[in-house]
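Reading through the structure tokens given below for one structure.
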Amino acid sequence: TLGAAETEAAALEDPPADEAGAAAGDSLVLDFTESDRLLWPVQGNVILGYSMDTTTWFPTLEQYKCNPANVIQSEVSTPVSAPADARIVSVGTNEEIGNYVDLDFGNGYTAVCGQLKEIPVVENEYVHRGDLLGYVAEPTKYYTVEGTNVFFEFLKDGVPVDALDFLE
């Protein structure tokens, strides 16, 4: 990952027009509704499905736990796309899901895409549906048995919901 100075320098460079998301100054009207559909961040099988009512077996952790996300199988370096028009709330990293992007789709709908690398977007940037959010990274130690994947958590008003109800 880039240091703050490098990130700032990278942000000042003009990306090629065909790769540029909407600049931070160009806001999109974010109006996601329950009838809208999400683009899959990557194409792949769901290897650990959303499950907040019952627990799911996590092979790497050798335990059952609730899963607020869909864990989608993929290959390292596969491009990961924005599921809908969004504002980048934050770009961060944590032990469980690695590098992630937190997205705001509007109307209380948000998402977290984790297990990423080479993330080109920055906080408060606007992205269009299908824009590049980064690439699939090697899995964190929490997902070594499951293998390479994208962690995709979809929320309404801060509460996880099953993205499969919204994915096209």
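Throughout, read-outs are computed from the coordinates displayed, never taken from laboratory work. What you see is a predicted model, and the numbers here were worked out from it, not measured in a lab. All Cβ positions, glycine included, derive from the backbone under ideal geometry; neighbour counts span all protein chains shown.
For the reader, a short list of remarks on this structure follows.
- Spin-label proximity, residue 96 to the range 124-145 - amide N less than 19 Å from point 7 Å beyond Cα toward beta carbon: 137-145
- Distances between placed amide hydrogens fall under 5 Å for residue 131 paired with 82, all partners being 5 or more residues away or on another chain.
- Candidate cross-link partners of residue 117 among the lysines, defined by an alpha-carbon separation under 21 Å and a same-chain spacing of 8 or more, comprise 141.
- Centroid-to-centroid separation of the range 103-118 and the range 120-154 [C-alpha atoms, Å]: 9
- Close amide-amide hydrogen proximity is noted between residue 99 and 94, 115, 116, each under 5 Å apart and 5 or more residues distant or on a separate chain (H modeled in the peptide plane; Pro and chain starts excluded).
- Cβ-derived FRET efficiency at R0 35 Å, residue 37 paired with residue 144, nearest 0.05: 0.60
- Stretchable slack from residue 123 to residue 65, in nm (0.36 nm times residue separation minus alpha-carbon distance): 17.8 nm
- Residues with amide H under 5 Å from that of residue 40, placed H, sequence gap 5 or more: 168
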